[in-house]
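Novice: Here you go, one structure.
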Amino acid sequence: MNNFADVHAQAQFAGDKMKKNNLFTTDRMFCDMYCFEPGQTQTAHVHSDSDKVYYVVEGRARICIGSEEREVGAGTAALAPAAASHAVSNPGPGRLKLLVFMAPKP
């Protein structure tokens, strides 16, 4: 297992939908870099037994957790606790990079 990752070097984007780039995976958690082109979304969904943290590395994100929705920039972290509906979109105009941590791993 690799214990270090250059998050910017791992960032890959796709034209058709947001791209998940895995940085770390253990039996208990994972850490991914989610990359969004302007206008791309991750639709609302729920993880019944896992907490998820989004950290904005670059760009602007519109994050919805339960009934709360905010547009946030680099340096912001957001917690989607287990059983809370959550969604992310890139309102643009630039690209969006998010670090995403989830535990326990579903």
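Novice: So who's got an amide H within less than 5 Å of the one on His47, skipping anything under 5 residues away but keeping other chains? H placed 1.01 Å off N, in plane.
Specialist: Those qualifying (amide H under 5 Å, at least 5 residues apart or on another chain) are Ala83, Ala84.
Novice: While we're on this one: List the lysines whose alpha-carbon lies under 16 Å from that of Lys19, not counting same-chain residues fewer than 8 positions away?
Specialist: The reachable lysines, counting only those whose Cα sits under 16 Å from Lys19, are Lys97.
Novice: Determine the gain in length on full extension of the stretch Arg28-Asn3; use 0.36 nm per residue of separation and subtract their C-alpha separation, reporting nm with one decimal. It would help to have the intermediate numbers written out before the result.
Specialist: Numbers: separation 25, 0.36 × 25 = 9.00 nm, distance 1.50 nm.
Full extension from Arg28 to Asn3 adds 7.5 nm.
Novice: For the range 12-72, what log10 I(q)/I(0) values come out of the Debye formula at q = 0.18 1/Å, with one point per alpha carbon and no solvent?
Specialist: Rounded to two decimals, the profile gives -0.78.
Novice: Hey, what did the chain get for relative contact order, percent, Cα under 8 Å, at least 6 apart? Each step should come with its number before you reach the end.
Specialist: Working: 272 pairs, mean separation 34.9, N = 106.
Reported as a whole number, the value is 33 percent.
Novice: Same structure again: Kirkwood hydrodynamic radius of the range 44-83 from all distinct Cα pairs, in Å?
Specialist: On the way: mean 1/r = 0.0938 Å⁻¹.
Value: 10.7 Å, from the Cα pair sum.
Novice: Percent of Cα-Cα pairs per 10 Å bin, from 0 to the last occupied bin, for the chain, please list those.
Specialist: 16, 49, 31, 3
Taken together, the values in this text are just the output of simple stated rules run on the coordinates, not laboratory data. Quick caveat: nothing in here was measured; it's all calculated off a predicted structure.
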